[in-house]
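Peer 1: Sharing a structure with you now.
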Amino acid sequence: MTVRTRFAPSPTGYLHIGGVRTALFNWLFARQNHGQFILRIDDTDQQRNVDEALQPILDGLRWLGIDWDEGPKKGGPFAPYYQSKRLDRYQAAVERLLAGGHAYYDYATTAELQAERQAAEGEKRPFRYSRRYLAETPADRARFEAEGRQAVVRLKMPSEGTLVLDDLVRGRVEFDWAREQDHVVQRADGTCLYHLANVVDDYDFQISHVIRAEEHLSNTPRQVFILEALGYPRPVYAHLPFVAEPGSHTKLSKRKLQKYLKNRDFAAMVAHAQKIAEAIRHPTEADAFNPVIVDFYQTVGYLPEAIVNYLALLGWSLDDKTEHFSREELIEHFSLERVNKAPASFDPRKLMAFEDWHFQRLSRARKVELAAPFLQEAGLATSPISAETRRIMEKVVAAAGDRIKVAGDILSFADFFQPDDQLLYDEAAFDKHLRQGNGADLLCRFRDRLAALEPFDPPALEAAMQDFVAAEQIKLGQIIHAVRVAVTGKSIGLGLFDTLAILGRSRSLARIDRALGRR
RNA sequence: GGCCCCGUCGUCUAGAGGCCCAGGACACAGGCCUUUCACGCCUGCAACACGGGUUCAAAUCCCGUCGGGGUCACCA
């Protein structure tokens, strides 16, 4: 049997991190089994502009390297892959359901249904529609229609028996048919509902494994009923646990960002990203600037392979020790049997740990390549980037080591790329090291040594400073911080000798002179 | 509320009767290193939801309780 899996987002305008995890597991399973991964668009009830709302989803998947064999922009043997373009298929299915006696026309009004529901609730018995307005014959239909009623099509669910599901993740799950409702599959206006469309499409696309989030587990009986009534084979089901909120087992939701911000780690992640976003003038109040949405990570320069690695481990594990995986390794080792049943909560710190691990394994050239757009967006580099800027970038990236964890972190070292006469100062640090005490005097004298130093490289710089410290009979700390603030504007940064060497003599002196001059 | 699912350190997890007074990773705390910030190294903190069984032996099997979540639409 050919393995065919699918991810079926509805065009909402953004790609949810939990959705990505679902897509990823589908994709991994298909790739591992040399099958196909299909992207289908669930837009049965979409008023909005589908193209516009779909674009971020396609972009996000592509960015993460989750490619599809059939679907939007790609086509395929079972096209179209948009539910809104497959209405005739659903109509045909409804007719077959009706003809086979598995569904019926129902003329109840919403108010009547509501009344029945409430009555059942009042008597504390489970609600099940009485089928009072079920129309069996054309005569019935005519009678109800004469009363001005409109028909929907409902499923005629069995009143007894048990559905046994063998879920690849959950194991054996049972449902009583008698508890299932006569769900509507076609509205009065003739449009069909998701569950019907879903079953028809999965069959039409020959989906072999339905891998989806746990929220669909309770929906499975009615889908199985539809597919069996239609004579379709049952796919293999695998219901994945949720990606949950930090420290909770509730599904992660994009609308609860304010709540998540009370979580220290979440707040730290957002603050870090915000700094980068502001520097590149990316709107941080935008809907998509939200860690629940994939766009967020792309904006600040996370690595797709880190996100994929992290997400794969959210609910799945290979063993008790392996945690770093390349895409290929994931494809090789992934298995639905080793997917956990319990929801896994999203941990920003751990994501960053994976990001760090993957980023530090990149070549210097690659890091530079990834970081360059951030300098350009921030107005600190030209496009294309100049040879000089590139040269500095390479040195900064090398000296920064894992201080740069996401590509956007290059902006923590923006001072290297600012013109010497436009350097911004951390005033508190400036005060402490250049206005109070004798830091400025020392700096003034050290400046002259720098002016004459040859070569102007880290070992020589360090030796020069040691000489200076000995000659002045001071402690290293008394001069080093003054120099740092003078040349970078800040009290934190790279090793000072690296910093000076990267800047070079003339820029270092220019910055020291400017700092001394603004006291 | 009915039905369904789930329940090992703060978090992600390993664990399929003895290898577990529970292992790893991230986080956290303390220390070392140190020109700042990171890194690195060392040490530490920390969990089988609870109660009954079964068994020579249970985190692992059974039952119950409690807790959490999902779902009950003419949404997807």
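Peer 1: Being within 27 Å of residue A:17 (Cβ to Cβ) and touching a residue at least 40 places away in the same chain (Cβ under 8 Å) is the filter; apply it to the range A:219-239 and report the residue that is nearest to the chain's Cα centre (by Cα).
Peer 2: A:239
Peer 1: Please give the helices (runs of 4 or more DSSP H) falling wholly within the range A:285-395 in which 1 or more residues are more than 22 Å from the chain's Cα centre (by Cα) and of a type in the set (Lys, Arg).
Peer 2: Per the criteria, A:364-377.
Peer 1: With respect to the numbered conditions (1) farther than 20 Å from residue A:336 by Cβ; (2) near RNA strand B (Cβ under 9 Å from one of its atoms); (3) surrounded by fewer than 20 Cβ atoms within 10 Å (Cβ to Cβ); (4) in contact (Cβ under 8 Å) with a residue 12 or more places away in the chain, which one is the sole condition not fulfilled by residue A:190?
Peer 2: So the condition that residue A:190 fails would be (2).
Peer 1: Give just the number: which of (1) part of a helix (DSSP H, G or I); (2) surrounded by 15 or more Cβ atoms within 10 Å (Cβ to Cβ) does residue A:128 not satisfy?
Peer 2: All conditions pass for residue A:128, except number (1).
Peer 1: I've got another one for you. Do you know which residues across the range A:307-336 are near RNA strand B (Cβ under 8 Å from one of its atoms) and either of a type in the set (Ser, Thr, Tyr) or in contact (Cβ under 8 Å) with a residue 60 or more places away in the chain (or both)?
Peer 2: Correct list: A:314, A:315, A:316, A:317.
Peer 1: Let me ask something else about it. Could you grab the pairs with beta carbons closer than 6 Å, sequence gap of 6+ or different chains, first residue in the range A:1-18 and closer than 14 Å to residue A:53 by Cβ, second one β-branched (Val, Ile, Thr)?
Peer 2: A:9/A:57; A:11/A:50; A:14/A:293; A:15/A:57; A:15/A:294
Peer 1: Here's a follow-up. Is it fair to say residue A:408 is part of a helix (DSSP H, G or I), over 21 Å from residue A:511 (Cβ atoms), among the small types (Gly, Ala, Ser) and at pLDDT below 95?
Peer 2: no
Peer 1: Examine the range A:137-158 for a residue that is out of contact with any strand residue (DSSP E or B) (no Cβ under 9 Å at 6 or more places or on another chain) and closer than 30 Å to residue A:240 by Cβ, and state whether such a residue exists.
Peer 2: Checked against the condition, which is being out of contact with any strand residue (DSSP E or B) (no Cβ under 9 Å at 6 or more places or on another chain) and closer than 30 Å to residue A:240 by Cβ, the range A:137-158 yields at least one hit.
Peer 1: Return the only residue of A:236, A:224 being open to solvent by 40 Å² or more (accessible area, probe 1.4 Å) and out of contact with any Phe, Trp or Tyr (no Cβ under 8 Å at 6 or more places or on another chain).
Peer 2: Sole residue among the options that is open to solvent by 40 Å² or more (accessible area, probe 1.4 Å) and out of contact with any Phe, Trp or Tyr (no Cβ under 8 Å at 6 or more places or on another chain): A:236.
Peer 1: Does residue A:342 qualify as being crowded, with 17+ Cβ neighbours inside 10 Å, more than 24 Å from residue A:413 (Cβ to Cβ) and out of contact with any Asp or Glu (no Cβ under 9 Å at 6 or more places or on another chain)?
Peer 2: When the stated conditions are applied, residue A:342 does not pass them.
Peer 1: With respect to the numbered conditions (1) outside any strand (DSSP E or B); (2) within 8 Å of RNA strand B (Cβ to nearest atom), which one is the sole condition not fulfilled by residue A:196?
Peer 2: Of (1) outside any strand (DSSP E or B); (2) within 8 Å of RNA strand B (Cβ to nearest atom), only one is false for residue A:196: (2).
Peer 1: Going by the structure shown, is residue A:469 more than 21 Å from residue A:389 (Cβ to Cβ), of a type in the set (Val, Ile, Thr) and more than 9 Å from RNA strand B (Cβ to nearest atom)?
Peer 2: yes
Peer 1: Within the range A:382-399, identify whether any single residue is more than 9 Å from RNA strand B (Cβ to nearest atom), among the aliphatic types (A, V, I, L, M), out of contact with any strand residue (DSSP E or B) (no Cβ under 7 Å at 6 or more places or on another chain) and open to solvent by 80 Å² or more (accessible area, probe 1.4 Å), and answer yes or no.
Peer 2: yes
One line per residue, one yes/no per condition, for (1) of a type in the set (A, V, I, L, M, F, W, C); (2) open to solvent by less than 30 Å² (accessible area, probe 1.4 Å); (3) within 21 Å of residue A:415 (Cα to Cα):
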position: A:446; (1), (2), (3): yes, yes, no
position: A:453; (1), (2), (3): yes, yes, no
position: A:468; (1), (2), (3): yes, yes, no
position: A:492; (1), (2), (3): yes, no, yes
position: A:506; (1), (2), (3): no, no, yes
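Peer 1: Let me ask something else about it. Could you tell me how many of the residues in the range A:73-115 are away from RNA strand B (no atom under 11 Å from the Cβ), outside any loop (DSSP other than H, G, I, E, B), open to solvent by less than 40 Å² (accessible area, probe 1.4 Å) and more than 26 Å from residue A:180 (Cα to Cα)?
Peer 2: 1
Peer 1: From A:381, A:387, which residue is in contact with a Ser or Thr (Cβ under 6 Å, 6 or more places away or on another chain) and of a type outside the set (Ser, Thr, Tyr)?
Peer 2: A:381
The values are calculated or read from the model by the stated rules, or taken from the named source; none is laboratory data. If you're wondering where the values come from, they're calculated on a predicted model, not measured in any experiment. Ideal geometry is used to build each Cβ from the backbone, glycine not excepted, and the neighbour counts take in all protein chains shown. The accessibility values were calculated without ligands, DNA or RNA, using every heavy atom of the protein model including side chains. Shrake-Rupley method; radii C 1.70, N 1.55, O 1.52, S 1.80 Å.
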